[in-house]
Amino acid sequence: MRPVALRIARRTFATAVHPHPVASSSSAASAIPLSNVEAQWEKLASDEQLAVHQQLEELQKKDWKTLSLAEKKAAYYVAFGPHGPRTPINPPGTSTKVILGVLGLIGAAGATYAGMRSLAAPPPKTLTREWEEAANERAKELKLNPITGVSSEGYTGKGFVQSK
């Protein structure tokens, strides 16, 4: 019980003596308003960033209900903002560029395919429906595969006909 009471007394005494915590470099911390930390964070020197960070640490030791909205936002931004290791890997707009690039490549592939098809030779005459039906008749004449094929009794399959 006693160590807790001592800590509370020390904390109360420290706040009574210094009602506003002072950072190590008060000139850098006071020059940067906490309401605008998000906009200025990347432009600050590392020692100024450290001073703001220390100032915010001291502010967070107080009761959160007494902090202003700007101080809460600044503390959240410094702790969890998109800087340092949390800097986004891809800049904004990268997804749009990737999607447009993929669609462009698909369009180019389709155009290439259509161009190649237009320049290709016509299909061989053996791929026509008449030729395939004639191949079925010839298979029946020659009695090809008499057990399960075209020549078998009661055969209901298409045989050699593959065209529509």
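Where q = 0.15, 0.17, 0.21 Å⁻¹, what log10 of I(q)/I(0) comes from the Debye formula for segment 80-164, counting one point per Cα?
Rounded to two decimals, the profile gives -0.77, -0.84, -0.97.
For the pair residue 66 and residue 155, how long in nm is the line joining their label points, each one 7 Å along Cα→Cβ?
Label at residue 66, label at residue 155, 9.8 nm between them.
Quick one: what are the phi-derived ³J(HN,Hα) couplings along segment 80-95, Karplus 6.51/-1.76/1.60 with θ = phi - 60°, whole Hz, x for glycine and proline?
10, x, x, 9, x, x, 9, 5, x, 6, 9, x, x, x, 5, 4
Please compute the length gained on full extension between residue 97 and residue 80, using 0.36 nm multiplied by the number of residues separating them and subtracting their Cα-Cα distance.
The residue 97-residue 80 span can extend by a further 3.4 nm.
With each pseudo-label sitting 7 Å past Cα toward Cβ, what's the residue 50-residue 73 distance in nm, one decimal?
Calculated label separation equals 2.8 nm.
Taking every pair of distinct Cα atoms and averaging 1/r, then inverting, what Kirkwood hydrodynamic radius in Å comes out for segment 123-164?
Hydrodynamic radius (Kirkwood, Cα pairs) of segment 123-164 is 10.6 Å.
Per 0.36 nm of contour for each residue apart, how much would the distance between residue 148 and residue 113 grow if the chain were fully extended, relative to their Cα-Cα spacing?
Taking 0.36 nm per residue and subtracting the Cα distance, the gain is 8.6 nm.
Quick note: the coordinates plus some simple rules give every number you see, no bench work behind them. Being a predicted model, the structure only gives us computed values, none of them experimental. Quick reminder, even Gly has a Cβ in these numbers, built from the backbone with ideal geometry, and neighbours come from all protein chains shown.
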